[in-house]
1. Out of the residues in the range 60-82 meeting the condition of being more than 13 Å from VAL141 (Cα to Cα) and in contact (Cβ under 8 Å) with a residue 24 or more places away in the chain, tell me which one is surrounded by the fewest Cβ atoms within 10 Å (Cβ to Cβ).
2. Give the residues of the range 113-132 that are surrounded by 20 or more Cβ atoms within 10 Å (Cβ to Cβ) and either outside any helix (DSSP H, G or I) or touching a Pro at 6+ places or on another chain (Cβ under 9 Å) (or both), sorted by residue number.
3. Is there any pair with a first residue in the range 83-112 that is in contact (Cβ under 8 Å) with a residue 12 or more places away in the chain and buried (at least 16 other Cβ atoms within 10 Å of the Cβ) and a second that is part of a loop (DSSP other than H, G, I, E, B) and among the aliphatic types (A, V, I, L, M) whose Cβ atoms are under 6 Å apart and which are 6 or more apart or on different chains, and what are they?
4. How many residues does the range 136-153 hold that are assigned to a helix (DSSP H, G or I) and either among the β-branched types (Val, Ile, Thr) or surrounded by 19 or more Cβ atoms within 10 Å (Cβ to Cβ) (or both)?
5. Does ALA105 satisfy the criteria of being of a type outside the set (Asp, Glu) and either farther than 14 Å from LEU45 by Cα or touching a Gly at 6+ places or on another chain (Cβ under 9 Å) (or both)?
Amino acid sequence: MSISGSEAADSSANGVCSAAAGVPDGVAHNESESAALPVLDLDVLHELEDDMGNTGIAHNFARDYIKIWNKRRTYLEASVEDDDAEAAMDAVLSLKNSALMVGAARLAKLAVDLEQMVKRGDLSAARQLLPCVALTGEETVSGLKLGYLPPEV
C-alpha cells in the first residue's frame, strides 16, 4: 500500500516541483521518475513493525522522523546555499537513509539525485532541487501523520 493519490502527493506531477526543470535532462534528476514514485510506501513501515514484533517502535520511529524533518531540511539547505560540499553530502546521506527507512520513496529518489549532484560538485543544480525536496518532505510528513500514525488522543 502506498500513499500517492492525495492532492499533496500529486503536486509535483502538476509542476509544483518544477524548480529542477533547469537541471539538464539525464544529468541527475528525472522529475517524472520522482513523481511516479509514491510519497510514502507503507510496506516499509509494516515490515519494520513485523521485524520489531509490534507497531510501537515503528510508530515512534515515524514520530521521530517527523520531529527531525525541519532540522534535516534546514541543514541540507544551509549546506548547499553555503557551497559546503562536505556538509551537503552529510545532509544528503542523512536525508536519503532516513527516507529509505521510513518508506519515503519519492524523497529518497530526490536524495539520490542530490547525492549525485554533490558528488559532481554541482551545488548550483542541487540548489534548484531544494524547493522540490522541501515540498516532498512536507508531503511525507503529512502522509505519515494522516496515513500511518494513529490519531493522537
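Every number in this text was worked out from the coordinates using simple rules, so none of it is lab data. Since the model is a prediction, treat every value here as computed from it, not as a measurement. Cβ placement follows ideal geometry from the backbone for every residue including glycine, while neighbour counts extend to all protein chains displayed.
1. The selected residue is GLU81.
2. At the first step, the residues of the range 113-132 found to be surrounded by 20 or more Cβ atoms within 10 Å (Cβ to Cβ) are 113-114, 117-118, 125-126, 129, 132.
ALA125, the sole residue that qualifies.
3. ALA105/LEU37; ARG106/LEU37; ARG106/VAL39; LYS109/LEU37
4. Counting residues in the range 136-153 that are assigned to a helix (DSSP H, G or I) and either among the β-branched types (Val, Ile, Thr) or surrounded by 19 or more Cβ atoms within 10 Å (Cβ to Cβ) (or both) gives 7.
5. Working: of a type outside the set (Asp, Glu): yes; either farther than 14 Å from LEU45 by Cα or touching a Gly at 6+ places or on another chain (Cβ under 9 Å) (or both): no.
Answer is no for this residue.
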